[in-house]
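Colleague: The structure that follows is given in the form of structure tokens.
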Amino acid sequence: MAGPIAQFEIKPIANLGEVGGMQIAFTNSALFMLIATVGAGLYLFLSARGRTLIPGRWQSSAEILYEFVFSTLRDNAGEEGRRFFPLVFSLFMFILTANLLGMFPYAFTVTAHIIVTFGLALTVFLTVTLYGLMRNGTSFFRLFMPSGVPLVLAPIIVPIELMSYFSRPVSHSVRLFAVMLAGHITLKVFAGFVASLAGLGTLGIVSSVLPLAMTVGITALEFLMAIIQAYVFTMLTCMYLNDALHPAH
């Protein structure tokens, strides 16, 4: 039986050539990112295609997701944050779809790779920084000196705020990556216990009941965490966007 880490191995599916001495390939990670993107797009398109005054199940689910993300953005970034709704909603749908897709047997969990989550977090960080500078100019730097703090404390507060700000892409990405990675490893370990004990005969089958129950429980928890982590990433994105819109908080 493959080890619990084998499920995260990136494997090439098709070689696309060589650029600058580096082999370029279409991998299983790229494939499942494509599936997550297309799947989320198709779900929203098909759900909204036959819009009716009294929505059906699919339309209702799409509207609930839309309203949920919109209210999260409005509550954390204010009315001005609505201009970022396409970005925030796209991030939420991609992460949610990728997380849930990774729960299926033989699927690949792209959000369990730090390079993927860091890419998403870096997109948010650059958007916040560039828009904040374009909108507020030098006033954006007031973010690093909170209002009401005595000027004498600036040599202490400013470096701390700078470190906190530039560490955002790391903390933003590691949170999602670590939860998905740890959860899938734990699930694989307990599932491995079930398979190993079941091969030991009657006593092994009886002994595998507890690991089986744990596997079922962890699977349910993983589905829950797949949804929660998509929400947490989205909520933090909205909070960071609020800094670009209102740096003098």
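The values are calculated or read from the model by the stated rules, or taken from the named source; none is laboratory data. Here the structure is a predicted model, which is why all the values come from computation and not from measurement. Virtual Cβ from ideal backbone geometry, glycine too; neighbours counted across all protein chains shown. Quick note on the areas: whole protein, heavy atoms, side chains included, nothing else; ligands and nucleic acids left out. Shrake-Rupley method; radii C 1.70, N 1.55, O 1.52, S 1.80 Å.
Colleague: Quick check: residue separation of His246 and Ile115 times 0.36 nm, minus the Cα distance between them. What number comes out in nm?
Modeller: 44.2 nm
Colleague: Oh, and also: When each pair of different Cα atoms in the chain is counted once in the 1/r mean, what is the Kirkwood radius in angstroms, to one decimal?
Modeller: 20.9
Colleague: Return the Rg/Rh ratio of segment 77-161 with Cα-based radii and a Kirkwood Rh.
Modeller: On the Cα set of segment 77-161, Rg over Rh gives 1.14.
Colleague: A follow-up question, please. If you build a Gaussian network model of the chain, linking Cα atoms that sit under 10 Å apart, which residue out of Ile185, Ile218, Ile157 swings the most?
Modeller: Checking each option, the largest mean-square fluctuation is seen for Ile157.
Colleague: If you don't mind, there's one more thing I want to ask. Could you work out [θ]222 nm for the chain from helices alone, using -39500 (n - 2.57) per DSSP H run of at least four and dividing by all its residues? Round to the nearest 500 deg cm²/dmol.
Modeller: The helix contribution divided over the chain gives -23500 deg cm²/dmol.
Colleague: With the cut-off at 1.5 for a/c, could you classify segment 64-122 from its C-alpha gyration tensor as rounded, prolate or oblate?
Modeller: It comes out oblate by the Cα gyration axes.
Colleague: Simple spin-label model, 7 Å along Cα-to-Cβ: Ser164 to Ile24 in nm?
Modeller: Each label point is offset 7 Å from its Cα along the Cβ direction, giving 4.2 nm.
Colleague: Something else: How would Val149, Val170, Val128 rank on accessible area, largest to smallest, probe 1.4 Å?
Modeller: The residues order as Val170, Val149, Val128, largest area first.
Colleague: Calculate the all-directions average of the projected area of segment 100-219's alpha-carbon convex hull, and give it in nm².
Modeller: 11.2
Colleague: When the chain is fully extended, how far beyond the present Cα-Cα distance does Leu151 get from Val232, taking 0.36 nm per residue of separation? Kindly include the intermediate steps, with their values, before the conclusion.
Modeller: Details: separation 81, 0.36 × 81 = 29.16 nm, distance 3.39 nm.
Difference between extended and current length: 25.8 nm.
Colleague: Assign one of three labels to segment 167-245, namely rounded, prolate or oblate, based on the Cα gyration tensor with a ≥ b ≥ c the square roots of its eigenvalues; rounded applies when a/c is under 1.5, prolate when it is not and a/b is larger than b/c, and oblate otherwise.
Modeller: Here segment 167-245 falls in the prolate category.
Colleague: Is the shape of segment 13-88 best called rounded, prolate or oblate, per the rule: a/c under 1.5 gives rounded, else a/b larger than b/c gives prolate, else oblate, with a ≥ b ≥ c the square roots of the Cα gyration tensor eigenvalues? Walk me through the intermediate numbers first.
Modeller: On the way: a/c = 4.26, a/b = 1.79, b/c = 2.38.
Cα axes put segment 13-88 in the oblate bin.
Colleague: Additional query: For Thr52 and Val38 in the same chain, what is the full-extension length gain: residue separation times 0.36 nm, less their Cα-Cα distance, in nm?
Modeller: Using 0.36 nm per residue and subtracting the Cα-Cα distance, I get 2.6 nm.
Colleague: Which one of Thr117, Thr52, Thr37 has the biggest mean-square fluctuation once the chain is modelled by GNM with Cα springs under 10 Å?
Modeller: Comparing Thr117, Thr52, Thr37 in a Gaussian network model of the chain, the most mobile one is Thr52.
Colleague: Under the definition of Cα pairs under 8 Å and six or more residues apart, what whole-number percent is the relative contact order of segment 1-66?
Modeller: Across segment 1-66, relative contact order equals 19 percent.
Colleague: Can you tell me which of Phe166, Phe32, Phe233 moves the most in a GNM of the chain? Springs connect C-alpha atoms under 10 Å apart.
Modeller: Top of the fluctuation ranking is Phe166.
Colleague: So if R0 is 41 Å, what FRET efficiency would Val174 and Phe68 give, r being the distance between their Cβ atoms, rounded to the nearest 0.05?
Modeller: 0.95
Colleague: Separation between the Leu224 and Ile13 pseudo-spin-labels, each 7 Å from Cα along Cα→Cβ, expressed in nm?
Modeller: Taking the two extended label points, one gets 3.3 nm.
Colleague: Of the listed peptides 17-29, 92-104, what is their order by residue-averaged count of other C-beta atoms within 10 Å, with the highest listed first?
Modeller: Put in order of decreasing packing, that is 92-104, 17-29.
Colleague: Could you state the accessible area per residue of the chain in Å², with a 1.4 Å probe and every protein chain left in place?
Modeller: 57
Colleague: Then there's this: Using Cα pairs under 8 angstrom and six or more residues apart, how large is the relative contact order of the chain, in percent?
Modeller: Reported as a whole number, the value is 26 percent.
Colleague: Between Thr27 and residues 5 or more places away or on another chain, which pairs have amide H atoms under 5 Å apart, with H built 1.01 Å from N, and which residues are they?
Modeller: When sequence neighbours closer than 5 places are left aside, the close amide H contacts are Ile13.
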